[in-house]
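The values are calculated or read from the model by the stated rules, or taken from the named source; none is laboratory data. Model, not experiment: these values are computed from the prediction. Note: ideal-geometry Cβ built from the backbone for every residue, glycine included; neighbour counts use all protein chains shown.
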Amino acid sequence: MKSRFAVALAAALLMSAPQFAVAQYMDLNTIISGIGDAHFLRSAERADGAAGLRVVRLSTLAGAAQSASRLHAATALKERDIRYLQSNLVINPLAMTAIRGAGVSLEQIVSADIAGDGGGVLYADDL
């Protein structure tokens, strides 16, 4: 009886696994090229109602040092889109708690990957 329960539980977890992987880390090149695109803007729209957010410092991603100049050029070019994201984050107390808890400022948040259910990742430029 216990083995059937274990098999059923394992099958249920495997079937729901794609839902657990919603907010995965993106690589730095994807973040840079995605600033201001449609996915970025959808995440910005969802930011005011987001919950379950975590903050990732861009310096922890592979290739960060080599891509720092590209990141700064992209953030300068897409400053308006980044400000839109930040303006949606500032009105969400949970997002602001996550940002402060990570030891970064709102101005350092340059990208987000926020799912429709409100979970996601905020990316902070600490390069």
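Going through segment 44-80 one residue at a time, which ones are surrounded by 19 or more Cβ atoms within 10 Å (Cβ to Cβ), at pLDDT 90 or above and part of a helix (DSSP H, G or I)?
Passing the criteria: Leu58, Leu71, Ala74.
For segment 49-88, which positions are in contact (Cβ under 8 Å) with a residue 24 or more places away in the chain and of a type in the set (Asp, Glu)?
Selection gives Asp81 alone.
So is Ile99 in contact with a Lys or Arg (Cβ under 7 Å, 6 or more places away or on another chain), within 14 Å of Asp125 (Cα to Cα) and either of a type outside the set (A, V, I, L, M, F, W, C) or at pLDDT 90 or above (or both) or not?
On the way: in contact with a Lys or Arg (Cβ under 7 Å, 6 or more places away or on another chain): no; within 14 Å of Asp125 (Cα to Cα): yes; either of a type outside the set (A, V, I, L, M, F, W, C) or at pLDDT 90 or above (or both): yes.
Considered against the rule, which asks whether it is in contact with a Lys or Arg (Cβ under 7 Å, 6 or more places away or on another chain), within 14 Å of Asp125 (Cα to Cα) and either of a type outside the set (A, V, I, L, M, F, W, C) or at pLDDT 90 or above (or both), Ile99 comes out as no.
Restricting the first residue to segment 34-47 and requiring it to be touching a residue at least 60 places away in the same chain (Cβ under 8 Å), which pairs with a second residue that is part of a helix (DSSP H, G or I) and small (Gly, Ala, Ser) meet a Cβ separation below 9 Å and a spacing of at least six or different chains?
Close Cβ pairs satisfying both conditions: Ile35/Ala74; Phe40/Gly34; Ala44/Ser87; Ala47/Ser87; Ala47/Ala95.
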